[in-house]
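Written out below as structure tokens is the structure these notes cover.
The values are calculated or read from the model by the stated rules, or taken from the named source; none is laboratory data. In this text, all values refer to a predicted model and were calculated from it rather than measured experimentally. Here Cβ is always computed from backbone atoms with ideal geometry, including for glycine, and neighbour counts include all displayed protein chains. Note: areas computed on protein heavy atoms with side chains; ligands, DNA, RNA excluded. Shrake-Rupley method; radii C 1.70, N 1.55, O 1.52, S 1.80 Å.
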Amino acid sequence: LEEPTPRLVVLQTTREEKKLLPTIRSRVQVYRFTTIPEREVSLFLRGKTHNEILVQELMKLSSGRIGLVMTLLQDEKRLDRLRRLYDFALLLPGKDLVDRFFLAEHLTGEDYTESDLFQFLVYLSLKLHDEGLDQHRDSLWKLQRLRRVFQDTQVNKRLWLENLFLSL
């Protein structure tokens with residue numbers, strides 16, 4: 001970054017721009033990426049498949065993330081895992097504590113990747129948000145914090161999930 005050659009392009013991504021050193025930020029051009037509108041994702045998917053049920057399911061599972069849509073189109077195993085995670089997130093608030101702790105153990109087992117676990121937290125956030133902010137304000141705050149912790153550290157994810165599940 002100090003003295004790049006004229007044709008050099010470096011792409012750097014971060015979810016937390018503030019964590020970049022000021023010397024780095026002063027030398028880069030910032031591009032902010034957002035989710036793709038549902039209509040655009042839907043049109044893209046209809047160009048890839050004529051299965052309307054799959055289109056609707058991918059729309060729901062991707063949360064507007066076109067990269068995730070493309071991955072799910074190519075990776076049937078990941079698609080199956082995210083289907084299960086979505087269902088877990090929908091059912092979790094109605095489960096008792098024993099079932100929630102069993103789920104925390106299951107989610108942190110060998111079947112799910114870090115990326116899968118992060119996506120589960122996205123699904124759970126959406127579910128709680130749909131149920132009402134006032135009712136789940138503390139849980140949503142914990143979820144936001146948990147997503148950052150999962151990305152930035154090597155914490156015991158099962159204990160963090162159990163702590164979150166206690167507050168639901």
Item checked: Accessible surface of the chain, 1.4 Å probe, proportion on carbon and sulfur as whole % -> 53 percent
Margin query: In whole Hz and in residue order, list the ³J(HN,Hα) couplings for the range 114-122 that follow from phi through the Karplus curve 6.51 cos²θ - 1.76 cosθ + 1.60, θ = phi - 60°; x for Gly and Pro.
Written below: 4, 5, 4, 5, 4, 5, 4, 5, 5
Checklist line | the range 48-92: radius of gyration over Cα atoms, expressed as a fraction of 2.2 N^0.38 Å | finding: 1.11
Notebook entry, point to check: So which residue, out of P37, P93, P22, gets the largest mean-square fluctuation from a GNM of the chain using Cα contacts under 10 Å as springs?
Noted result: P22
Check: When the Debye formula is applied to the Cα atoms of the range 1-126, each taken as the same point scatterer, what base-10 log of I(q)/I(0) results at q = 0.11, 0.17 Å⁻¹?
Finding: -0.56, -0.97
Next item on the list: Note down the net charge around L161, summing +1 for each Lys or Arg and -1 for each Asp or Glu among other residues with Cβ under 14 Å from its Cβ.
Entry: +2
Notebook entry, point to check: With labels modelled as points extended 7 Å from the Cα through the Cβ direction, what inter-label distance (nm, one decimal) is found for M59 paired with E17?
Noted result: 3.1 nm
Notebook entry, point to check: Dipole of the chain, Cα-centred, from +1 at each Lys and Arg C-beta and -1 at each Asp and Glu C-beta, to the nearest 20 debye?
Noted result: 540 debye
Checklist line | Nearest 10 degrees, 0 to 90: helix 52-62 Cα axis against the chain principal axis | finding: 70 degrees
Next item on the list: Between the alpha-carbon centers of the range 107-164 and the range 69-102, tell me the distance in whole angstrom.
Entry: 12 Å
Notebook entry, point to check: For the Cα atoms of the chain, what angle does the longest principal axis make with the long axis of helix 157-166, in degrees from 0 to 90, nearest 10?
Noted result: 50 degrees
Item checked: Translational D in µm²/s for the range 1-58 (Stokes-Einstein at 25 °C, 0.890 mPa s, Kirkwood Rh from C-alpha pairs) -> 163 µm²/s
Check: How high is the FRET efficiency from L73 to N156, r the C-beta distance, R0 35 Å, rounded to 0.05?
Finding: 0.55
Notebook entry, point to check: If we restrict to alpha carbons, what Rg and Dmax does the range 54-168 come to, in Å?
Noted result: 13.8, 39
